[in-house]
Amino acid sequence: MSNQRTAIVICGPTAVGKTDFAIRLALQHKTEILSADSRQCYRELNIGVAKPDAVQLNTVKHYFINSHSVTEEVTAAGFEQYGLSVLADIFKNHDTAVIAGGTGLYVKALLEGMDEIPPVDLSVESEIKEKWKQGGLDWLADELRKHDIRFSAEGEMKNPQRMLRALAVVLSTGKSILDFHTSEKKGRPFRAEKILLEMPREQLYERINRRVDQMVEKGLIDEARALYPQRSLNALQTIGYKELFDYFENAISKERAIELIKQNTRHYAKRQITWLNKYFKDEATRLIEVKG
(Lines give C-alpha, C1' and ligand atoms only; values in the text may rest on other atoms or scores of the structure.)
Protein backbone atom coordinates (compact mmCIF):
# COMPACT_ATOMS: atom_id res chain seq x y z
CA MET A 1 0.00 0.00 0.00
CA SER A 2 1.11 3.53 -0.70
CA ASN A 3 1.40 6.26 1.94
CA GLN A 4 -1.22 8.36 0.17
CA ARG A 5 -4.80 7.61 1.19
CA THR A 6 -7.62 8.80 -1.07
CA ALA A 7 -11.29 9.26 -0.32
CA ILE A 8 -13.30 9.31 -3.54
CA VAL A 9 -16.39 11.39 -2.79
CA ILE A 10 -19.41 10.89 -5.06
CA CYS A 11 -22.00 13.64 -4.88
CA GLY A 12 -25.06 14.52 -6.89
CA PRO A 13 -28.78 15.19 -6.46
CA THR A 14 -31.19 12.52 -5.32
CA ALA A 15 -32.02 9.84 -7.94
CA VAL A 16 -29.00 10.67 -10.13
CA GLY A 17 -27.49 7.21 -9.54
CA LYS A 18 -24.92 7.65 -6.75
CA THR A 19 -25.45 4.18 -5.25
CA ASP A 20 -24.78 2.22 -8.45
CA PHE A 21 -21.83 4.45 -9.35
CA ALA A 22 -20.30 4.09 -5.88
CA ILE A 23 -20.62 0.30 -5.96
CA ARG A 24 -18.93 0.06 -9.37
CA LEU A 25 -16.12 2.29 -8.15
CA ALA A 26 -15.68 0.36 -4.90
CA LEU A 27 -15.46 -2.93 -6.81
CA GLN A 28 -12.92 -1.38 -9.18
CA HIS A 29 -10.74 -0.28 -6.25
CA LYS A 30 -11.52 -3.38 -4.15
CA THR A 31 -12.59 -1.22 -1.23
CA GLU A 32 -15.59 -0.27 0.93
CA ILE A 33 -18.25 2.47 0.96
CA LEU A 34 -19.08 5.06 3.59
CA SER A 35 -22.58 6.43 3.02
CA ALA A 36 -23.10 10.12 3.80
CA ASP A 37 -26.90 9.99 3.66
CA SER A 38 -28.66 11.36 6.74
CA ARG A 39 -31.68 9.07 6.31
CA GLN A 40 -30.35 5.76 4.97
CA CYS A 41 -28.61 5.26 8.32
CA TYR A 42 -31.97 4.48 9.96
CA ARG A 43 -32.82 0.78 10.17
CA GLU A 44 -36.57 1.40 10.06
CA LEU A 45 -36.50 3.43 6.82
CA ASN A 46 -36.02 1.40 3.65
CA ILE A 47 -38.20 1.95 0.59
CA GLY A 48 -38.81 5.65 1.13
CA VAL A 49 -35.12 6.57 1.39
CA ALA A 50 -34.01 4.49 -1.63
CA LYS A 51 -31.66 2.47 0.53
CA PRO A 52 -29.30 0.03 -1.26
CA ASP A 53 -30.97 -3.36 -1.44
CA ALA A 54 -29.70 -6.59 0.14
CA VAL A 55 -27.81 -7.65 -3.00
CA GLN A 56 -26.03 -4.29 -3.22
CA LEU A 57 -25.17 -4.33 0.49
CA ASN A 58 -23.77 -7.84 0.15
CA THR A 59 -21.75 -6.91 -2.95
CA VAL A 60 -19.77 -4.18 -1.17
CA LYS A 61 -19.48 -3.47 2.54
CA HIS A 62 -21.32 -0.24 3.44
CA TYR A 63 -21.02 1.89 6.57
CA PHE A 64 -23.69 4.28 7.93
CA ILE A 65 -26.43 2.12 6.42
CA ASN A 66 -28.80 0.56 9.00
CA SER A 67 -26.44 1.86 11.69
CA HIS A 68 -28.99 3.77 13.80
CA SER A 69 -32.60 3.71 14.97
CA VAL A 70 -35.10 6.48 14.23
CA THR A 71 -35.25 7.03 18.00
CA GLU A 72 -31.58 8.17 18.00
CA GLU A 73 -30.49 11.70 17.19
CA VAL A 74 -28.07 11.82 14.28
CA THR A 75 -26.29 15.07 13.45
CA ALA A 76 -23.66 16.30 11.01
CA ALA A 77 -21.20 16.73 13.88
CA GLY A 78 -21.86 13.17 15.01
CA PHE A 79 -21.42 11.91 11.46
CA GLU A 80 -18.09 13.72 11.23
CA GLN A 81 -16.72 11.68 14.13
CA TYR A 82 -18.35 8.46 12.95
CA GLY A 83 -17.09 8.91 9.39
CA LEU A 84 -13.51 9.73 10.37
CA SER A 85 -13.40 6.60 12.53
CA VAL A 86 -14.76 4.45 9.67
CA LEU A 87 -12.29 5.91 7.17
CA ALA A 88 -9.40 5.23 9.56
CA ASP A 89 -10.49 1.57 9.67
CA ILE A 90 -10.88 1.32 5.88
CA PHE A 91 -7.46 2.88 5.31
CA LYS A 92 -5.83 0.20 7.47
CA ASN A 93 -6.42 -2.26 4.62
CA HIS A 94 -7.07 -0.08 1.55
CA ASP A 95 -5.44 2.90 -0.14
CA THR A 96 -8.85 4.13 -1.29
CA ALA A 97 -12.28 4.59 0.29
CA VAL A 98 -15.50 5.53 -1.49
CA ILE A 99 -17.92 8.03 0.05
CA ALA A 100 -21.43 8.12 -1.41
CA GLY A 101 -22.67 11.59 -0.57
CA GLY A 102 -26.38 12.02 -0.19
CA THR A 103 -26.41 14.87 2.34
CA GLY A 104 -24.24 17.85 1.44
CA LEU A 105 -23.78 19.07 5.00
CA TYR A 106 -22.56 15.62 6.08
CA VAL A 107 -20.00 15.53 3.27
CA LYS A 108 -18.84 19.03 4.18
CA ALA A 109 -18.53 18.09 7.86
CA LEU A 110 -16.51 14.99 7.01
CA LEU A 111 -14.09 16.75 4.67
CA GLU A 112 -13.76 20.12 6.39
CA GLY A 113 -14.96 19.72 9.97
CA MET A 114 -17.83 21.23 11.94
CA ASP A 115 -17.82 24.27 14.16
CA GLU A 116 -18.75 23.66 17.76
CA ILE A 117 -22.17 25.03 18.68
CA PRO A 118 -23.16 25.41 22.35
CA PRO A 119 -25.85 22.98 23.56
CA VAL A 120 -29.39 24.23 23.22
CA ASP A 121 -31.93 24.48 26.02
CA LEU A 122 -33.93 21.23 25.79
CA SER A 123 -37.10 22.87 27.12
CA VAL A 124 -36.80 25.55 24.41
CA GLU A 125 -36.28 22.87 21.77
CA SER A 126 -39.30 20.90 22.99
CA GLU A 127 -41.54 24.01 23.02
CA ILE A 128 -40.45 24.95 19.49
CA LYS A 129 -41.28 21.50 18.16
CA GLU A 130 -44.74 21.59 19.72
CA LYS A 131 -45.49 25.00 18.24
CA TRP A 132 -44.12 23.89 14.86
CA LYS A 133 -46.52 20.93 14.84
CA GLN A 134 -49.38 23.39 15.24
CA GLY A 135 -48.18 26.23 13.00
CA GLY A 136 -46.14 24.37 10.42
CA LEU A 137 -43.41 25.78 8.21
CA ASP A 138 -45.03 29.22 7.99
CA TRP A 139 -44.84 29.66 11.78
CA LEU A 140 -41.22 28.48 11.77
CA ALA A 141 -40.29 30.93 9.02
CA ASP A 142 -42.01 33.83 10.84
CA GLU A 143 -40.16 33.05 14.08
CA LEU A 144 -36.80 32.97 12.30
CA ARG A 145 -37.51 36.27 10.61
CA LYS A 146 -38.22 37.74 14.07
CA HIS A 147 -35.31 36.17 15.96
CA ASP A 148 -32.62 35.36 13.37
CA ILE A 149 -32.67 37.72 10.41
CA ARG A 150 -29.35 36.39 9.14
CA PHE A 151 -30.53 32.77 8.94
CA SER A 152 -33.83 33.82 7.38
CA ALA A 153 -31.82 35.55 4.63
CA GLU A 154 -29.00 33.02 4.14
CA GLY A 155 -30.15 29.71 5.63
CA GLU A 156 -32.16 26.77 4.30
CA MET A 157 -35.63 28.24 4.75
CA LYS A 158 -37.40 25.24 3.20
CA ASN A 159 -35.71 22.64 5.41
CA PRO A 160 -37.67 22.22 8.69
CA GLN A 161 -34.87 20.33 10.47
CA ARG A 162 -32.33 23.07 9.75
CA MET A 163 -34.88 25.74 10.64
CA LEU A 164 -35.82 24.09 13.95
CA ARG A 165 -32.15 23.77 14.83
CA ALA A 166 -31.47 27.42 13.93
CA LEU A 167 -34.39 28.69 16.01
CA ALA A 168 -33.40 26.56 19.01
CA VAL A 169 -29.82 27.87 18.83
CA VAL A 170 -30.76 31.55 18.58
CA LEU A 171 -33.30 31.32 21.42
CA SER A 172 -30.83 29.40 23.62
CA THR A 173 -27.66 31.39 22.89
CA GLY A 174 -28.82 34.75 21.57
CA LYS A 175 -26.68 34.21 18.46
CA SER A 176 -27.45 33.01 14.96
CA ILE A 177 -26.32 29.49 14.20
CA LEU A 178 -24.48 31.05 11.25
CA ASP A 179 -22.35 33.07 13.69
CA PHE A 180 -20.76 29.79 14.76
CA HIS A 181 -19.76 28.88 11.21
CA THR A 182 -16.18 29.66 10.25
CA SER A 183 -14.36 29.27 6.96
CA GLU A 184 -11.46 27.46 8.62
CA LYS A 185 -11.12 23.94 7.23
CA LYS A 186 -9.71 21.19 9.42
CA GLY A 187 -6.86 19.07 8.12
CA ARG A 188 -7.54 15.47 7.19
CA PRO A 189 -5.10 12.53 6.91
CA PHE A 190 -6.27 11.76 3.36
CA ARG A 191 -6.81 13.52 0.06
CA ALA A 192 -10.31 13.91 -1.34
CA GLU A 193 -11.09 13.24 -4.99
CA LYS A 194 -14.52 14.68 -5.69
CA ILE A 195 -16.81 13.38 -8.41
CA LEU A 196 -20.01 15.23 -9.16
CA LEU A 197 -22.73 13.35 -11.02
CA GLU A 198 -25.01 15.51 -13.12
CA MET A 199 -28.07 14.97 -15.29
CA PRO A 200 -30.22 17.32 -17.37
CA ARG A 201 -32.92 18.71 -15.08
CA GLU A 202 -35.91 17.35 -17.05
CA GLN A 203 -34.44 13.85 -17.16
CA LEU A 204 -33.68 13.95 -13.44
CA TYR A 205 -37.25 15.00 -12.65
CA GLU A 206 -38.62 12.20 -14.84
CA ARG A 207 -36.39 9.73 -13.01
CA ILE A 208 -37.61 11.04 -9.64
CA ASN A 209 -41.25 10.61 -10.70
CA ARG A 210 -40.60 7.04 -11.89
CA ARG A 211 -38.75 6.18 -8.70
CA VAL A 212 -41.61 7.38 -6.50
CA ASP A 213 -44.04 5.22 -8.50
CA GLN A 214 -41.70 2.25 -8.03
CA MET A 215 -41.49 2.94 -4.29
CA VAL A 216 -45.27 2.85 -4.03
CA GLU A 217 -45.34 -0.44 -5.97
CA LYS A 218 -42.74 -1.90 -3.60
CA GLY A 219 -44.84 -1.12 -0.53
CA LEU A 220 -43.97 2.42 0.60
CA ILE A 221 -47.49 3.04 1.93
CA ASP A 222 -47.36 -0.01 4.21
CA GLU A 223 -43.86 0.98 5.38
CA ALA A 224 -45.08 4.48 6.25
CA ARG A 225 -48.19 3.11 7.98
CA ALA A 226 -46.01 0.95 10.26
CA LEU A 227 -44.02 4.07 11.20
CA TYR A 228 -47.06 6.30 11.72
CA PRO A 229 -47.18 5.83 15.53
CA GLN A 230 -43.66 7.36 15.69
CA ARG A 231 -44.47 10.19 13.27
CA SER A 232 -43.36 12.95 15.68
CA LEU A 233 -39.71 11.80 15.63
CA ASN A 234 -37.24 14.07 13.83
CA ALA A 235 -36.08 11.21 11.63
CA LEU A 236 -39.59 10.87 10.20
CA GLN A 237 -39.97 14.51 9.16
CA THR A 238 -38.83 13.22 5.80
CA ILE A 239 -40.12 13.40 2.24
CA GLY A 240 -41.90 10.18 1.40
CA TYR A 241 -43.27 9.67 4.89
CA LYS A 242 -44.70 12.98 6.10
CA GLU A 243 -46.94 13.24 3.02
CA LEU A 244 -48.34 9.77 3.69
CA PHE A 245 -48.88 10.61 7.36
CA ASP A 246 -51.18 13.43 6.15
CA TYR A 247 -53.01 10.87 4.00
CA PHE A 248 -53.46 8.54 6.99
CA GLU A 249 -54.99 11.48 8.89
CA ASN A 250 -57.41 12.10 5.99
CA ALA A 251 -55.92 15.54 5.38
CA ILE A 252 -55.21 14.67 1.72
CA SER A 253 -56.01 11.83 -0.68
CA LYS A 254 -53.60 9.01 -1.45
CA GLU A 255 -53.15 10.33 -4.98
CA ARG A 256 -52.36 13.81 -3.68
CA ALA A 257 -49.84 12.39 -1.19
CA ILE A 258 -48.02 10.55 -3.99
CA GLU A 259 -48.00 13.67 -6.16
CA LEU A 260 -46.64 15.71 -3.24
CA ILE A 261 -43.85 13.18 -2.67
CA LYS A 262 -42.82 13.64 -6.31
CA GLN A 263 -43.11 17.42 -6.12
CA ASN A 264 -41.23 17.73 -2.81
CA THR A 265 -38.50 15.38 -4.01
CA ARG A 266 -38.04 17.48 -7.16
CA HIS A 267 -37.81 20.62 -5.01
CA TYR A 268 -35.28 18.86 -2.77
CA ALA A 269 -33.19 17.86 -5.81
CA LYS A 270 -33.25 21.48 -6.97
CA ARG A 271 -31.97 22.64 -3.57
CA GLN A 272 -29.25 19.97 -3.68
CA ILE A 273 -28.12 21.14 -7.11
CA THR A 274 -27.93 24.73 -5.85
CA TRP A 275 -25.87 23.63 -2.84
CA LEU A 276 -23.57 21.44 -4.92
CA ASN A 277 -22.98 24.23 -7.41
CA LYS A 278 -22.06 26.54 -4.53
CA TYR A 279 -19.87 24.27 -2.42
CA PHE A 280 -18.75 21.40 -4.63
CA LYS A 281 -18.70 22.04 -8.35
CA ASP A 282 -15.60 24.26 -8.55
CA GLU A 283 -13.66 21.80 -6.40
CA ALA A 284 -14.78 18.66 -8.18
CA THR A 285 -12.03 16.57 -9.71
CA ARG A 286 -14.46 15.21 -12.26
CA LEU A 287 -17.91 16.15 -13.53
CA ILE A 288 -19.79 13.19 -14.97
CA GLU A 289 -23.08 13.52 -16.82
CA VAL A 290 -25.29 10.51 -16.17
CA LYS A 291 -27.54 9.38 -18.97
CA GLY A 292 -31.21 9.21 -18.05
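Numbers for the structure displayed
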{"quantity": "Among the candidates 18, 61, residue that is basic (Lys, Arg), under 26 Å from residue 239 (Cα atoms) and in contact with a strand residue (DSSP E or B) (Cβ under 9 Å, 6 or more places away or on another chain)", "calculated": "18"}
{"quantity": "Whichever residue in the range 236-292 is closer than 21 Å to residue 205 by Cα and among the small types (Gly, Ala, Ser) and, among such residues, is surrounded by the most Cβ atoms within 10 Å (Cβ to Cβ)", "calculated": "240"}
{"quantity": "Test set (1) of a type in the set (A, V, I, L, M); (2) assigned by TED's automatic domain parsing to the domain that holds residue 24; (3) farther than 26 Å from residue 284 by Cα - residue 236 fails condition number", "calculated": "(2)"}
{"quantity": "In the range 55-80, the residues that are in a helix (DSSP H, G or I) and either at pLDDT below 95 or buried (at least 18 other Cβ atoms within 10 Å of the Cβ) (or both)", "calculated": "76, 77, 78, 79, 80"}
{"quantity": "Flag if residue 106 is under 20 Å from residue 161 (Cα atoms), touching a Phe, Trp or Tyr at 6+ places or on another chain (Cβ under 6 Å) and of a type outside the set (S, T, N, Q)", "calculated": "yes"}
{"quantity": "Residue in the range 99-121 that is aromatic (Phe, Trp, Tyr) and under 30 Å from residue 190 (Cα atoms) present", "calculated": "yes"}
{"quantity": "Count of residues meeting criterion [within 20 Å of residue 52 (Cβ to Cβ) and either out of contact with any Phe, Trp or Tyr (no Cβ under 7 Å at 6 or more places or on another chain) or of a type in the set (Asp, Glu) (or both)] in the range 193-213", "calculated": "9"}
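For (1) surrounded by fewer than 16 Cβ atoms within 10 Å (Cβ to Cβ); (2) part of a helix (DSSP H, G or I); (3) in the same structural domain as residue 91 (by TED's automatic domain parsing); (4) at pLDDT 90 or above, each residue gets a yes or a no:
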| position | (1), (2), (3), (4) |
| --- | --- |
| 107 | no, yes, yes, yes |
| 128 | no, yes, no, yes |
| 133 | yes, yes, no, no |
| 139 | yes, yes, no, yes |
| 166 | no, yes, no, yes |
| 189 | yes, no, yes, yes |
| 194 | no, no, yes, yes |
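The values are calculated or read from the model by the stated rules, or taken from the named source; none is laboratory data. Everything numeric here is computed off the predicted structure, so don't read it as measured data. Cβ: placed from backbone, ideal geometry, glycine included. Neighbour counts: every protein chain shown.
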